[in-house]
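Reviewing the structure listed below.
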Amino acid sequence: MASGTGAEEVAATFGPGWPSAAVGGDPGVGAPARAGEPALGHRRICGELRKLGFVVFATSIRRLLSGARLEPAPRGGPNWREFLRSQAASMIACDFLTVETILLRRFYVLFFIAHADRRVWLAGCTRNPTGEWVTQQARNLGLDFSGRGVRCLIRDRDSKYSNSFDEVFRSEGIRIVKTPVRAPKANAIAERFVPTLRSECLDWLLILNRRHLEHVLRVYVDHYNRERPHRSLNLKAPIPEVSVLDRRDAAGHVHRHDRLGGLIHEYYQAAA
């Protein structure tokens with residue numbers, strides 16, 4: 001659109017104080033406005049303006065949008081990333097990871113992770129993840145997830161997940177969402193936890209047996225949930241035990257607590 005034409009029309013129609021970006025007046029301002037409200041078409045904008053006391057025909061709004069070179073509102077639904085963000089509070093994901101001991105015995109670890117706060121649940125580990133074993137782990141956690149308001153469980157199409165596994169969650173009102181074949185990014189949050197666990201813990205230890213592995217995983221998951229800062233949570237832990245306060249004037253020393261033989265460090269401020 002030519003500079004000033006759309007803005008002058010908007011000002012003449014709604015008054016000089018009306019933001020031209022609402023109807024796509026100036027291209028430099030209208031584009032970010034449409035980017036912030038990508039689903040608003042000319043009729044929807046007409047309705048929003050009437051709520052604010054401005055009576056304008058939808059055809060006039062369509063003409064202004066067209067003059068500002070703004071494309072019509074898309075008719076498709078949200079993409080996968082937008083869907084996950086909007087539904088994060090009611091979604092969890094699950095996945096398997098494998099761990100080998102010093103005797104080259106392979107164990108399979110089943111875990112669940114919440115999309116909203118990144119909290120992790122360790123379901124269990126076994127050398128033979130049969131359908132019955134996986135279903136039992138689902139029974140152990142299904143009621144807890146239902147009480148948290150979980151409505152969707154994301155999982156891949158691994159054959160370890162039997163129909164009885166899905167039925168446990170369906171009975172609690174949780175919908176099963178299967179990711180596409182060979183699409184690990186569709187379950188990115190669970191997939192990202194695996195290299196985090198390896199780089200911060202498992203790659204630095206020699207696992208002796210199942211009992212040792214379970215102990216290591218329990219300690220790390222407790223640290224991950226209660227003490228480890230997460231960038232997606234504004235550097236907070238999924239389950240912060242103490243609210244973070246402004247301690248610039250607080251007296252006292254900082255104490256360090258070592259876990260797993262000093263592999264993991266946790267810091268606390270001593271009482272004054």
>> Which one, A88, I154, A186, projects farthest toward the positive side of the charge dipole computed for region 82-233 from Cβ point charges (K/R +1, D/E -1)?
In response: A186
> For K178, which lysines qualify as cross-link partners when the Cα separation must be under 19 Å and same-chain residues fewer than eight apart are set aside?
Replying inline: K160
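Which value in Å is the Kirkwood Rh of region 82-233 over different Cα pairs?
That comes to 16.0 Å for region 82-233.
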> Which lysines, on any chain, are close to K236 with Cα under 26 Å apart, when same-chain ones fewer than 8 places away are left out?
Replying inline: K185
>> Please compute the modelled spin-label separation between R218 and L206, points set 7 Å along Cα→Cβ, answer in nm with one decimal.
In response: 2.4 nm
>> Quick check for me: using +1 on Lys/Arg Cβ and -1 on Asp/Glu Cβ, what's the dipole size of region 82-233 about its Cα centre, in debye to the nearest 20?
In response: 140 debye
> How much of the DSSP beta bridge set in region 82-233 is antiparallel, as a percent to the nearest 5?
Replying inline: 70 percent
>> Could you sort the peptides 231-237, 95-101 by per-residue average Cβ neighbour count (10 Å cutoff), highest mean leading?
In response: 95-101, 231-237
> Which residues does a label at Q87 reach in region 111-138, if reach means a backbone N under 19 Å from a point 7 Å past the Cα toward the Cβ?
Replying inline: 112-119
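No value in this document is a laboratory result; all are computed from the given coordinates. The structure displayed is predicted, hence computed values, not measured ones. Ideal geometry is used to build each Cβ from the backbone, glycine not excepted, and the neighbour counts take in all protein chains shown.
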